[in-house]
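Can you keep this structure in mind? I'll have questions shortly.
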Amino acid sequence: MNDQKLLNQLEVIRAMTVKSIESITDEIADDMPTGYRNTVRWHLGHIAAFTDVFLSNFIGLPPYLSEEHIAMFKSGTKPADWQASPPSLEQLVSLLKGQMEHIKSQLGTRNLEEKTNKPLSLFGAEMDSIAEILNFSFYHEGQHLGYIKCRTNSSPLKRA
């Protein structure tokens, strides 16, 4: 797959994430179902936090998000532990869109088959190119988007 097509996938996947929440309320975003530890708001913040840390660690992209955002939404966190108010839905949408533009601007001139700073090894497979790391990041976002869609009964594929 050529580099531009991969960056286009980033745009589509991120647009799907943003579209999935365009009509939800704060009540839905903060609903904590019995047996779950995270909310839709957490999943949105986590998508951005994971992407930022992951691409910084493996590809060397400069961070886009604040340390406070990362601390609030990194893996293993949950809303019950928050010491500060979380970002609004509008702020999260803005962060997600801005992050996408940041990634595109940082990677737009790079060869995505370029080797990463360090390989990611999972289940005996090694991912060591920028393209492979981006693809894994897309997979991660899709996992969380699935949860968001279940909680919001939305489908970003519906046409207006």
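The values are calculated or read from the model by the stated rules, or taken from the named source; none is laboratory data. The model shown is predicted, which means the values in this text are computed figures rather than measured ones. Note that each Cβ is placed from the backbone with ideal geometry, even for glycine, and that neighbours are counted across all protein chains shown. Ligands, DNA and RNA are excluded from the accessible area calculation, which covers all protein heavy atoms including side chains. Shrake-Rupley method; radii C 1.70, N 1.55, O 1.52, S 1.80 Å.
Which of the residues belonging to the range 1-24 are within 16 Å of residue 104 (Cβ to Cβ), of a type outside the set (D, E, K, R) and open to solvent by less than 40 Å² (accessible area, probe 1.4 Å)?
6, 7, 10, 13, 17, 18 - these are the residues of the range 1-24 that are within 16 Å of residue 104 (Cβ to Cβ), of a type outside the set (D, E, K, R) and open to solvent by less than 40 Å² (accessible area, probe 1.4 Å).
Quick check on the range 113-121. Is at least one of its residues modelled with pLDDT under 95, touching a helix residue (DSSP H, G or I) at 6+ places or on another chain (Cβ under 6 Å) and crowded, with 17+ Cβ neighbours inside 10 Å?
Yes, there is a match, as at least one residue in the range 113-121 is modelled with pLDDT under 95, touching a helix residue (DSSP H, G or I) at 6+ places or on another chain (Cβ under 6 Å) and crowded, with 17+ Cβ neighbours inside 10 Å.
Here's the yes/no breakdown for (1) out of contact with any Phe, Trp or Tyr (no Cβ under 7 Å at 6 or more places or on another chain); (2) at positive phi; (3) not hydroxyl-bearing (Ser, Thr, Tyr):
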residue	(1), (2), (3)
13	no, no, yes
25	yes, no, no
29	yes, no, yes
40	yes, no, yes
55	yes, no, yes
61	yes, no, yes
69	yes, no, yes
72	no, no, yes
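Right, next: Could you check, for the range 35-45, whether at least one of its residues is open to solvent by 70 Å² or more (accessible area, probe 1.4 Å) and of a type in the set (D, E, K, R)?
yes
While we're on this one: Could you check how many residues of the range 61-94 are touching a helix residue (DSSP H, G or I) at 6+ places or on another chain (Cβ under 9 Å), closer than 29 Å to residue 128 by Cα, surrounded by fewer than 16 Cβ atoms within 10 Å (Cβ to Cβ) and of a type outside the set (Ser, Thr, Tyr)?
Summing the residues that are touching a helix residue (DSSP H, G or I) at 6+ places or on another chain (Cβ under 9 Å), closer than 29 Å to residue 128 by Cα, surrounded by fewer than 16 Cβ atoms within 10 Å (Cβ to Cβ) and of a type outside the set (Ser, Thr, Tyr) in the range 61-94 gives 4.
Tell me, please, whether a residue that is modelled with pLDDT of 95 or more, farther than 26 Å from residue 108 by Cα, over 15 Å from the mean Cα position of the chain (by Cα) and of a type in the set (Asp, Glu) can be found in the range 45-67.
Taking every residue of the range 45-67 in turn, none turns out to be modelled with pLDDT of 95 or more, farther than 26 Å from residue 108 by Cα, over 15 Å from the mean Cα position of the chain (by Cα) and of a type in the set (Asp, Glu).
Follow-up question, since we're still on this one. Here is a list of conditions, (1) assigned to a loop (DSSP other than H, G, I, E, B); (2) within 15 Å of the chain's Cα centre (by Cα); (3) closer than 17 Å to residue 103 by Cα, and residue 15 meets all of them except one; can you say which number that is?
Of everything listed in (1) assigned to a loop (DSSP other than H, G, I, E, B); (2) within 15 Å of the chain's Cα centre (by Cα); (3) closer than 17 Å to residue 103 by Cα, residue 15 misses just condition (1).
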